[in-house]
Every structure is written in structure tokens, then in C-alpha cells.
Amino acid sequence: MPNINLDDTIAAISTPIGEGGIGIVRMSGPQAIEVSDVLFKAKSGKALAKVKPFTVHFGFVMDDERVVDEVLVTVFKSPKSYTSQDMVEISSHGGIVVTRKILDLIFKQGIRAAEPGEFTKRAFLSGRLDLTQAEAVLDVIQAKTDASLSVAQEQLKGSLSKKVKSIKDKLMHVYAHVEAFVDFPQEDLEVYSQKEVIEKIKEVESEINELLLSYQKGEIVREGILSVIVGRPNVGKSSLLNALLDRDRALVSDVPGTTRDALEEMIELEGILFRLCDTAGLGVFADKIDTLSMERTKKYLDQGNVFLWVLDSSEEFKEEDKNIVAMVKNKKVIPVLNKSDLPAQWKWEEVQKQFQMDVEPVLISAKNREGLSELEKRMKELVWEGKVTTEGIAVTRVRHKAALEQALIDLAQAGVVFQNKDSLEFLTFNIKAALDSLSELIGEVYSEDLLDVIFGEFCIGK
Ligand SMILES: Nc1nc2c(ncn2[C@@H]2O[C@H](COP(=O)(O)OP(=O)(O)OP(=O)(O)O)[C@@H](O)[C@H]2O)c(=O)[nH]1
Ligand SMILES: [Mg+2]
């Protein structure tokens, strides 16, 4: 395990850079209070080193004799703070220069600039939060719907770690029994029978599977539903994106091939987050950029959760449309018959029959903003029958999913080893590997690289 130094003191501006009501400069570490005393003159004249923890003090940040700003300073004493260390938060007026100036004065005292997420990393390293809780802090900050906020809050409370720990405890029990048997085979120990070991492993497997089942929903709640708008050029894909967003986000023109690069925007429909992606029209490509756009569209075809397949009903059903059928046929797709303000040249029933597609279309006019509420209704129905529920969602990140899947692989291997009556030492090896994966999930073991990835996503000052 890496040895990470917590003895230095770090500082950062914790509020967004810009103008606001207040700005907060935060410090954490053993020198936080003594350094604050160099810059801060309390109106009461009292030094911060002498004040009670969890108190707020009015006064001035001074640059020698010059007042930098009138501030409130909050003092936290270890271990009862966000990072579990001594902390000071200076609330000043929310200006870019004033907060920067206070931070610079702190740096002059030899304090180091905090890295992104370093305050939360300290909370993790000091044991106040486990890794899934630290990840939840970021999810709370980035939550874009009520549902994602409530899942993040559950995780922050430790619900996922609690479940993983309980699974780990059960497995640890099995491990201890098997190991006792390996170490002292001669002795008359009260250990699980072979049948019992297999049963216990099966129990653990089913609990892990239950957690994994919640991932599909969890991912959608956290990240939104990737809804890819596809279709041949000029059918009105970008017009549809603009209509759903209710603003002119994408460029629209009557020249086929207007959209080159895929474009992503979010909308929320009754608590469900949709990541709408407008793509370049799928068709005959002429130049290198077109080829690149096509590749990008195809990547989205692989990744999308749902597809809005836009067709132009005012023009014939073209060869290019036919080619798209195969790409979307077996996916969650809504055929969107656009330009319904113009006379239709073909009927969906014919296409449906020819390609045996068991799905109803939605008729819209993106230009006149018609048929959109029906389309939105269909989009919601495609996901959880239109009802958002966060109940039972525990696993929200690929990292969690990968760790649980690895634990299952190790346990399956343990089962094979046991059934073949191979050496019991192998069995302990496999159970230990599964235990390690679960420990990694909650951060009982970690590498510095993993922490860099997780906390690197945070903003500076959190
Ligand atoms: N009459 C009518 N015209 C529309 C409608 N929707 C889009 N158009 C027109 O169709 C043309 C193409 O629209 P876009 O939204 O740029 O089409 P696109 O599918 O994004 O095209 P590419 O980016 O080139 O693939 C434009 O001239 C739009 O004004 C509609 O509902 N009715
Ligand atoms: Mg377009």
C-alpha cells in the first residue's frame, strides 16, 4: 500500500472561480490554524490558536498593514472535520481577485496548493470515508437529477460498503474454516463440511449477483441514457435535437452532411436523464472527414442505450435508409417519421412488413415542433416503463461492477477446485482472491494509481 504523506498542509479556493456572494478558501493540515493566525486579525483580537473548535470569527485578512478583505473564519479541529485534520475555512467576498489574493498569502507561508479532490482524498486516507463514499461525494456534486442525487446520498451514507462488508464477512468465515482445515487437517476441528462450504459460496455468489443486477439501473441514473439520433443525411436529426432541447443548439441546413461531429446534450424527462446525441448522417461518404464522422456515428451505434431513428416521410424510402435498418433493428429504437407537415411518400406499414420490424413509429414535424410530446412519452416508456425508481440501486460505477465480477470469477474457480477435490490450498487461494476484489471495491486496499484516477475527477478545492 502506498505511503501517502498527510503531514503537509494544503490550501485551495473551494468555490467556483467567478463572481459570487461569497468565496471560500480552505486549508487542511497541521499548520492550517497557525498559518491563518499570520494573515487573519480577528475583530475580537483573539488568536485562532486559542479559540474553541467549530466556531466562526469575524475579522480581516491582512497583507502586512493592508486590508485584503473582511472575512469570516471557521475553525475545525482534528478529527472532527471534513478531512479529519485541522481545517480552516475563510469566507470572503466572492471575487476572483480577492480569493486568489488570500490564497497567495497562504502560499507565501509555505503552504502547498491542493490537488483536485485532495481534501476528499484526505478524508479517505484518514478513514473517515471509504472509497465508495468518496466516489459518492463526486456523484452528489455532479448529480443532474433528483434520482441521481438520492442514489449518491445513499452511497455517501455507506449503503454499498455495508452490503459489500456483509458479503465479505460471510466469505471470511468460509475462508477461516477452510484454512483451519488446511493448517490442521489431523485435528478434530468443528469445520464446515464440503457441502456446507459449497452452499456458503453459492450464497455469497447470489448476493454479489444481486448487487450486480442493480448496476444497469445505477449506471443509467448516474450517467443518463445515451439516446442516439441516427438516420441518413438531411432527414432532420439536428432539427429534432433542437426541437427536444427547445433551442437552436445544432446547425441545421438543407445541405446533406451538415453535421460532421457528434454532439451531445442533456434533457430531463420527468426525472429521467437523457443524453441526446446528434450524429452525422449515415450515407455515402466522399471525403476523409466524412469517413471519420461515419466512424464516430458507428461508435455511438455501438454504445447507445436507445436510438431515435429519424426518417424523412416526405421523400422516398431510400437505399441509405434500408442500410440503417440492420443497424438499429435489434436495438431499443423508436422510428421517428419527420417532416409530417409535408405530404407522405410512403407508409411505415410497408417498411415494417418488408423488414419485419415489430415497432410503431412516431410522426413528428421537427420544424413545426409537432408530435414531440408523443415522442417524449415513448422515450420514457423505453426506459423502465417510464417510472423512475432508485430502490435497490447500489452499484453505479464500472469500477464497482468490475470488482464484483472479478470476485465472482474467483469464486466460480473456487467451486471448480473444490468439486474436483484438488488441493484445498488452491481453494483458500481463490477465496482470498475474491476477498481481495471486495476489499479493493471499498478501498481497504488500493494503489496510488487508483486514487489518482478517482480523485483526479474531482475539482480543486473539494
Ligand atoms: N418541412 C420540414 N422540413 C424540415 C423538418 N425538419 C427538418 N427540416 C429541414 O430539413 C433540412 C435538414 O435538416 P437537418 O436538421 O439539418 O437534418 P440532419 O438530418 O441533421 O442533416 P445532416 O446533418 O446533414 O445529416 C433542413 O432544411 C431543415 O429545415 C420538418 O419537420 N419539416
Ligand atoms: Mg445534422
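The values are calculated or read from the model by the stated rules, or taken from the named source; none is laboratory data. All values derive from a computational prediction rather than experimental measurement. Quick reminder, even Gly has a Cβ in these numbers, built from the backbone with ideal geometry, and neighbours come from all protein chains shown. The accessibility values were calculated without ligands, DNA or RNA, using every heavy atom of the protein model including side chains. Shrake-Rupley method; radii C 1.70, N 1.55, O 1.52, S 1.80 Å.
Tabulated results
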| quantity | calculated |
| --- | --- |
| For segment 104-109, Karplus couplings with θ = phi - 60° (6.51, -1.76, 1.60), whole Hz, Gly/Pro x | 4, 5, 5, 4, 4, 7 |
| Test item: Cα-centred dipole of segment 189-312, Lys/Arg +1 and Asp/Glu -1 on Cβ, debye | 460 |
| Accessible surface of segment 10-129 [probe 1.4 Å, protein heavy atoms]: carbon and sulfur percent | 56 |
| Amide H contacts under 5 Å for ASP63, placed H, 5+ residues apart | VAL68 |
| Cut-off under 5 Å, modelled amide H: who pairs with LEU226 long-range | ARG275, ASN305, VAL306 |
| Environment charge at LYS101 (Cβ cut-off 12 Å; Lys +1, Arg +1, Asp -1, Glu -1) | 0 |
| Debye, to nearest 20: dipole size of segment 225-386, +1 on Lys, Arg Cβ, -1 on Asp, Glu Cβ | 300 |
| Computed over the chain: relative contact order in percent, which uses C-alpha pairs under 8 Å that are six or more apart | 17 |
| Whole-Å semi-axes of segment 57-103's equivalent ellipsoid (Cα gyration tensor) | 23, 11, 9 |
| Candidate lysines for bridging to LYS347, where Cα separation is under 28 Å - those fewer than 8 sequence places away on the same chain excluded | LYS237, LYS298, LYS318, LYS322, LYS329, LYS331, LYS332, LYS339, LYS367, LYS377, LYS380 |
| Karplus-derived HN-Hα couplings along segment 266-280 (A = 6.51, B = -1.76, C = 1.60, θ = phi - 60°), whole Hz, x at Gly and Pro | 10, 9, 10, 10, 6, x, 9, 8, 10, 9, 7, 10, 8, 10, 6 |
| Fraction in percent of alpha-carbon pairs per bin - 20 Å, the chain | 20, 36, 34, 11, 0 |
| Share antiparallel - DSSP beta bridges, segment 225-386, percent rounded to 5 | 30 |
| The chain - share of DSSP beta bridges that are antiparallel (%, nearest 5) | 65 |
| Percent accessible area from carbon and sulfur atoms, segment 155-301, protein chains only, probe 1.4 Å | 51 |
| Counted charge near LEU6, where neighbours are those whose Cβ lies closer than 15 Å (Asp, Glu -1; Lys, Arg +1) | -2 |
| Gyration tensor verdict on segment 117-238 (Cα atoms; rounded if a/c is under 1.5, prolate if a/b is larger than b/c, oblate otherwise) | oblate |
| Alpha-carbon Rg/Rh ratio, for segment 10-129, with Rh computed the Kirkwood way | 0.94 |
| Summed side-chain charge close to LEU282 - residues other than LEU282 whose Cβ falls under 12 Å, Lys, Arg +1, Asp, Glu -1 | +1 |
